[in-house]
1. In what order do VAL42, VAL13 fall by count of nearby beta-carbon atoms within 10 Å, going from fewest to most?
2. Report the gain in length on full extension from LYS241 to GLU56: 0.36 nm times residue separation, minus Cα-Cα distance, nm rounded to one decimal.
3. Would you work out which of ASN198, GLN182, ASN255 lies farthest towards the positive end of the dipole of the range 165-271, given +1 charges on the beta-carbon of Lys and Arg and -1 on that of Asp and Glu, about the Cα centre?
4. In whole Hz, with x marking every Gly and Pro, tabulate ³J(HN,Hα) for the range 55-62 from phi via Karplus 6.51 cos²θ - 1.76 cosθ + 1.60, θ = phi - 60°.
5. I'd like to compare 265-271, 217-223: which one has the highest average count of other Cβ atoms within 10 Å, and what's the full order after that?
6. Hey, got the dipole for the range 165-271? About the Cα centre, +1 on K and R Cβ, -1 on D and E Cβ, debye to the nearest 20?
7. Hey, can you grab everything whose amide H is under 5 Å from the amide H of ASP218? Only 5+ residues off in sequence or another chain; H modelled, so Pro and N-termini drop out.
8. Based on the mean of other Cβ atoms within 10 Å per residue, sort peptides 248-254, 101-107 so the most packed one is first.
Amino acid sequence: MDIALLVVLALCVFPLVSLTTGVLTIALTVPLLVFFPGYALVAALFPRKESLDSVERMALSLMLSIAVVPLIGLILNYTTWGIRTYPVVGTISGFILIFSLIALLRRRKLPKEERFEPRIHLSVLRLGGGTRFDHALACVLLLTVLGAIGTLAYVVAVPKHVEKFSEFYLLGAEGQAEEYPQQAIVGQPVDVTMGITNREDDDTAYTVEITIDGDSVDQIGPIQLSNDKTWESRISVVPGKVGSDQRVEFLLRKNGGAEPYLAVHLILDVREKA
């Protein structure tokens with residue numbers, strides 16, 4: 001019965017989270033993160049009822065959930081999905097489903113009388129029932145669960161501050177951050193690839209001013225970018241005079257600001273035509 005419930009939850013929690021917000025989302029995700037992954041893993045590892053008693057099984061389920069969920073988050077952090085609501089919920093649901101099915105297969109191989117079947121025992125929590133150790137273990141388990149639920153609810157309910165910024169870069173030959181042009185001929189274009197990525201969490205308008213030794217030679221934009229969008233284009237700079245160590249600057253401004261927000265530069269040695 002418990003395995004069937006886990007399978008149903010693993011299959012249903014993702015669409016339910018997708019359709020809910022706020023407190024309802026927290027109510028669905030807290031047990032998914034705090035208890036169910038560990039319970040599915042314990043059920044797969046210990047299908048016999050003699051292996052663990054109920055209190056030990058509950059405590060181990062909680063501890064393994066606390067261990068497994070951060071590992072899943074760490075793995076997701078190194079994927080293209082990242083640590084976002086849907087990838088996290090989907091991956092943990094898949095984990096629960098896989099180990100629930102393993103637990104079901106292992107239990108079916110055992111005689112019925114040896115299989116673990118969950119039963120609710122309240123004797124440990126009664127004032128006169130159980131040993132002092134049972135009481136202490138039950139209290140610690142309860143406090144741990146409440147603490148984990150409270151912490152998780154706070155993290156979900158209070159949005160994390162996300163730093164807002166823009167990326168501004170130049171690419172040299174073959175679109176790599178290397179082999180930038182260093183030599184030029186006066187009056188002939190020097191090509192580079194310029195890129196802007198918007199991480200401002202809002203639509204942003206960018207302009208780029210190009211200067212050579214402080215003199216403005218060109219302006220690009222406005223370039224309108226939505227959040228998380230990138231703009232790249234090949235840009236030509238034409239030096240107008242001969243000289244060594246000429247500083248070619250690309251000054252990025254956003255939303256019509258007077259002061260440059262970011263700047264990148266090249267150093268060119270410009271010579272006469274052959």
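All of the numbers you see were taken from the coordinates with simple rules; none came from a lab. Please read these numbers as outputs of a predicted model, since none were measured by experiment. In this analysis, Cβ positions are derived from the backbone assuming ideal geometry, glycine residues included, and neighbour counts consider all displayed protein chains.
1. VAL13, VAL42
2. Numbers: separation 185, 0.36 × 185 = 66.60 nm, distance 8.08 nm.
Between LYS241 and GLU56, full extension yields 58.5 nm more.
3. GLN182
4. Per residue, the Karplus-derived 3J(HN,Hα) values read 5, 5, 5, 5, 5, 5, 4, 5 Hz.
5. Numbers: 265-271: 16.4, 217-223: 14.9.
By packing density, highest mean first, the sequence is 265-271, 217-223.
6. 280 debye
7. ILE210
8. On the way: 248-254: 20.4, 101-107: 17.4.
Going by the mean number of other Cβ atoms within 10 Å, highest first, we get 248-254, 101-107.
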